[in-house]
Every structure is written in structure tokens, then in C-alpha cells.
Amino acid sequence: MIAIIDYGMGNLRSVQKAFEKVGARALISQKKDEILKAGKVVLPGVGAIRPAIDKLRDLGLVSCIEESIASGKPFLGICLGYQLLFERSDEGGEVQGLGILEGSVDKFKFASNSLKVPQMGWNQLDFRLTDCPIFKGVDNKVNTYFCHSYYVNPRHKDIVATTTNYGIDFASSIWKGNIFGVQFHPEKSQDVGLKILKNFTEIQS
């Protein structure tokens, strides 16, 4: 069973349906006992980081996330859920994240108007860690769907699984032990996104 954490921000049903399409059982929940019993956990999210972290705290889900990761079970952060794993964000003034991984979440800032913010649409993944389990059987330079104004800047570059160029090369996904994070939306990335989610379901704890 895969638990999709419900904190009121994100296209939860779309993520659930994508997992169901690849043959996985996925439960949307904000109940700590259900999440902790699951074999794998997903933290999705769309929106701003400050209300997101506030809602996680209000629901008592921060410790649940920490316990899930500490248990060694596979954990996937998607978009905002990926950004929340890091220490801080400069969105709306500095905001503290979950601090599970070291690094910051920074805003795209371009000197010209040649690139729009947010980045919205398809863009390439350039592999940095070729053995990352969620990208097994996925071709380098494949396109996935993005929608974001902020990007993750990990302190330790050896956890960067893929980069994507949007004015700069940014960490479009990370992998550290049982923790996976993707800035793009696999549930909106058609066949390649389903392949990535399928790979996640097949990871052994």
C-alpha cells in the first residue's frame, strides 16, 4: 500500500489515479496510523511553501513524515512536496522547511524577460545518477511536465539525480537512500511519468 499524504494542497486524486493505473494500491490519508502502516509514502503538493508547512504542522504530520523516512521505507516528494524536504525557502520571505535534507529553495530570477516565471510546460531531464531506481528504463533527455517558480538548491550535489535547464541548470530530482524527490509532475508526464511511478512502486524497503 502507498500512502499519499493529504494536507489540503495538491492534486491528490490525480496522483492516486496515476498509481492505480500502474497497478498500485494508493490511499489518500492524513491519518498518522494509516501513513505509518503503508509500505511507501508520497508527499505531493501544489502551491506556496508557507501555508503548506503550516498545514502539515497543524495536522501533526511533520513527525509522521520524519518517522516514515527514518523507518527506511521509500518516500517520494513531488513538486512542492519535494521542496518541503529542504531546510528553507525564500518564498515570501525566508520560510523554514522540514529540514530533512540540507539546502534551500530559491526563486528563478532572470535578468531579461526571455524566460517566463513560473516555468510551465515540458522540459528535459539530464541524468546525473544513472543508477537511480525511479529512472530505471527511462531514457536520458526525456521530457517531463513542470509547473514551478522556485527550484531546489541542494547543499550536497551528490544527491542530484537529474538536472534540467531553465536559464540555469537546477536539480529537477534527488535521491538519497530511501528518499526521492522530483520537481516535475510524474502524474502529468504521460507514459514516462507512469514509468517513474511504476519504478517507485517496485522499490524494495
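Filter region 1-57 for residues that are surrounded by 21 or more Cβ atoms within 10 Å (Cβ to Cβ) and at positive phi; which is modelled with the highest pLDDT? Here the residue is G45. Checking each residue in region 1-17 for being touching a Lys or Arg at 6+ places or on another chain (Cβ under 7 Å) and closer than 18 Å to L59 by Cβ picks out Y7, G8, M9.
All conditions but one from (1) without any contact (Cβ under 8 Å) to a residue 40 or more places away in the chain; (2) over 12 Å from I78 (Cα atoms); (3) of a type outside the set (G, A, S) apply to I53; the one that does not is (1). Might you let me know whether region 65-75 holds any residue that is at negative phi, small (G, A, S) and assigned to a helix (DSSP H, G or I)? Yes - at least one qualifying residue is present in region 65-75. Scanning region 164-172 finds one or more residues that are over 19 Å from L43 (Cα atoms), among the acidic types (D, E) and touching a strand residue (DSSP E or B) at 6+ places or on another chain (Cβ under 7 Å).
Looking only at residues of region 1-45 that are among the charged types (D, E, K, R) and within 15 Å of the chain's Cα centre (by Cα), we find that the one that is farthest from I196 (Cα to Cα) is D6. Select from region 103-138 the residues that are outside any strand (DSSP E or B) and touching a Leu at 6+ places or on another chain (Cβ under 9 Å) and write down the one among them that is nearest to L76 (Cα to Cα). Here the answer is I134. For region 5-44, the set of residues classified as touching a Phe, Trp or Tyr at 6+ places or on another chain (Cβ under 8 Å) and either within 23 Å of V105 (Cα to Cα) or assigned to a helix (DSSP H, G or I) (or both) consists of V41, V42, L43, listed by residue number.
Condition (residue is of a type in the set (D, E) and outside any loop (DSSP other than H, G, I, E, B)) applied to region 158-166: is it met by at least one residue? Yes, region 158-166 has at least one match.
Of the candidates F180, F184, F135, F127, the single residue that is at negative phi and surrounded by fewer than 22 Cβ atoms within 10 Å (Cβ to Cβ) is F127. Going by the conditions given, is F180 touching a residue at least 60 places away in the same chain (Cβ under 8 Å), in a loop (DSSP other than H, G, I, E, B), closer than 22 Å to S14 by Cα and not aliphatic (A, V, I, L, M)? The answer is no for F180.
The values are calculated or read from the model by the stated rules, or taken from the named source; none is laboratory data. These figures come from a predicted structure and were not determined experimentally. No Cβ is skipped: glycine too gets one built from the backbone with ideal geometry, and neighbour counts run over all protein chains shown.
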